[in-house]
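Engineer: Sharing a structure, written as structure tokens. Questions coming.
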Amino acid sequence: MAETGTLTRADLADAVNREIGLSRAESADMVEKILGHMCEALSKGENVKISGFGSFVLRDKGERVGRNPKTGVEVPIAPRRVLTFRASNMLRDRIVCAG
């Protein structure tokens, strides 16, 4: 993992390379294909659930009125679709134990 504490695609590909023994190119291709499938499913409006890890859930938010905190002026916020991540209980337990 990089020193900044961020896990990158390259880090994932290196892990696949070490754990499974695929070449670096094959490992990078596998990571890209998995992420591509996830992106494609989400763009079609499907949720993505990875057992033992968590769920990426799409949610539609309706139009609402917001307020500019600097000026106090009310501004309409357009309806939009947002992506949320909900960690599985197994992941939550591992994070709590590691902290």
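Engineer: Taking only segment 1-19 into account, find how many residues are of a type in the set (G, A, S) and at pLDDT 90 or above.
Structural biologist: Residues flagged as of a type in the set (G, A, S) and at pLDDT 90 or above within segment 1-19 amount to 3.
Engineer: Here's another thing I want to ask about it. Are there strands (runs of 3 or more DSSP E) fully within segment 23-70 with at least 1 residues that are surrounded by 13 or more Cβ atoms within 10 Å (Cβ to Cβ) and without any contact (Cβ under 8 Å) to a residue 12 or more places away in the chain? List them.
Structural biologist: 48-50
The values are calculated or read from the model by the stated rules, or taken from the named source; none is laboratory data. Because the structure is predicted, anything quoted here is derived from the model rather than measured. So basically every Cβ, Gly included, is an ideal-geometry build from the backbone, and we count neighbours across all protein chains shown.
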